[in-house]
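J.: The structure that follows is given in the form of structure tokens.
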Amino acid sequence: MRIIFFFSCLVLAISAFTQRRLTAEERAAILNQHNMYKRKVANGQQEARDGKLPTAADMRAYEYDVSIEDLAFEWASNCVWKHSSDHGGENIYAVSGEDNVTAIAISSVDSWFSEVKGFNVSNVADFEVDPNVVTGHFTQVIWGKSYRLGCAIAHCSSIENLSSGFDNGYFAVCNYEDRGNYISWPVYTSGDICSKCPDGTTCEDSLCVLPLESTTASVQSTTEEYSVQSTTEEYPVQSTTEEYSTQSTTEEGSGEEGGVTGTTVGPDNVKIF
């Protein structure tokens, strides 16, 4: 694993490429994987860096939102390894050597959640950014008040800011509402399972669920195709101690993740990048 620091100004030149939306199967896979991990945490079954995470009193189940997917699709189609600036909570992931989009959907969530091994139990009640350990993807995945998500996975001839090893690879983006990772806020409320579910929700398999939701339901969709026009723009990218990216390699290919961090308290502060 290595840390990648971004600096200078980069010129973005993206070739035209045909992209498509996720299918119903792919949407359901990424939704169910998120809720599986939320449920595991809510049940007190997950080990963290220094002990087992406490059970959750108010862990919201995710539902899939196609309007949020629209934002993720717009950004993923750029094939640029960086976070957007105005799409709420966001996790990104890049991979090469894998062509099964359902498998990529699942592995992206697995990768984000794997950061739990560096997360301190004390930060459940008081979220903070550790400049030495990346955990922001994990905390966004399981953020208690986040309950809507939408994702996109773009097939990219190349991914700006990444090496040629990611050429002909895939760039995954998930956006979340309500966004997570607010400094000094609780990641979720510890307590008896579902004991503090918000008004209008009911407890279903340890998660707080809106009426008529099912945390394992398939999501209806179409498989429309969209052509992405080439553009050339300048994007200033500045390194800071709170901007992270981690890379790993496997025999099948390589995977890369991008960080979601925060700096100040308050709902008007977007903590992305």
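J.: Pairs, please: C-beta under 9 Å, at least 6 apart or cross-chain, first residue in contact (Cβ under 8 Å) with a residue 24 or more places away in the chain and under 18 Å from Asn91 (Cβ atoms) and in region 31-53, second assigned to a loop (DSSP other than H, G, I, E, B) and of a type in the set (Asp, Glu)?
T.: Sorted first by the residue in region 31-53, then by its partner, the pairs are Asn35/Asp205.
J.: Let me ask something else. Pick from region 89-102 the residues that are surrounded by fewer than 21 Cβ atoms within 10 Å (Cβ to Cβ) and of a type outside the set (Val, Ile, Thr): which of them is farthest from Asn161 (Cα to Cα)?
T.: Asn100
J.: Here are the criteria: (1) modelled with pLDDT of 95 or more; (2) farther than 21 Å from Phe138 by Cβ; (3) hydroxyl-bearing (Ser, Thr, Tyr); (4) within 16 Å of the chain's Cα centre (by Cα). Tell me which single one Ser85 does not satisfy.
T.: (1)
J.: Now a separate question. Restricting attention to region 121-139, does a residue exist that is on the phi < 0 side of the Ramachandran plot and in contact with a His (Cβ under 8 Å, 6 or more places away or on another chain)?
T.: No, because not a single residue in region 121-139 is on the phi < 0 side of the Ramachandran plot and in contact with a His (Cβ under 8 Å, 6 or more places away or on another chain).
J.: Next up: Looking only at region 26-69, count how many residues are assigned to a loop (DSSP other than H, G, I, E, B) and either out of contact with any Phe, Trp or Tyr (no Cβ under 7 Å at 6 or more places or on another chain) or among the β-branched types (Val, Ile, Thr) (or both).
T.: 10
J.: So if I check each of Ser122, Ser158, Ser146, Ser108, which one is more than 19 Å from Arg21 (Cβ to Cβ), at pLDDT 95 or above and either in contact with a Leu (Cβ under 9 Å, 6 or more places away or on another chain) or outside any loop (DSSP other than H, G, I, E, B) (or both)?
T.: Ser122
J.: Please tell me if Cys208 is farther than 25 Å from Ala94 by Cβ, touching a Ser or Thr at 6+ places or on another chain (Cβ under 7 Å), surrounded by 22 or more Cβ atoms within 10 Å (Cβ to Cβ) and at pLDDT 95 or above. Break it down into steps so the answer makes sense when it comes.
T.: Numbers: farther than 25 Å from Ala94 by Cβ: yes; touching a Ser or Thr at 6+ places or on another chain (Cβ under 7 Å): yes; surrounded by 22 or more Cβ atoms within 10 Å (Cβ to Cβ): yes; at pLDDT 95 or above: yes.
Yes, satisfied.
J.: Right, here's the next one. Among the listed residues Thr23, Thr18, identify the single one that is of a type in the set (Ser, Thr, Tyr) and at pLDDT 95 or above. It would help to see each step written out before you state the result.
T.: On the way: Thr18 fails: at pLDDT 95 or above.
Selected residue: Thr23, the only one of Thr23, Thr18 that is of a type in the set (Ser, Thr, Tyr) and at pLDDT 95 or above.
The values are calculated or read from the model by the stated rules, or taken from the named source; none is laboratory data. Keep in mind the model is a prediction, meaning the values are calculated, not measured. For neighbour counting, all protein chains shown are included, and Cβ atoms are generated from backbone atoms with ideal geometry for every residue, glycine included.
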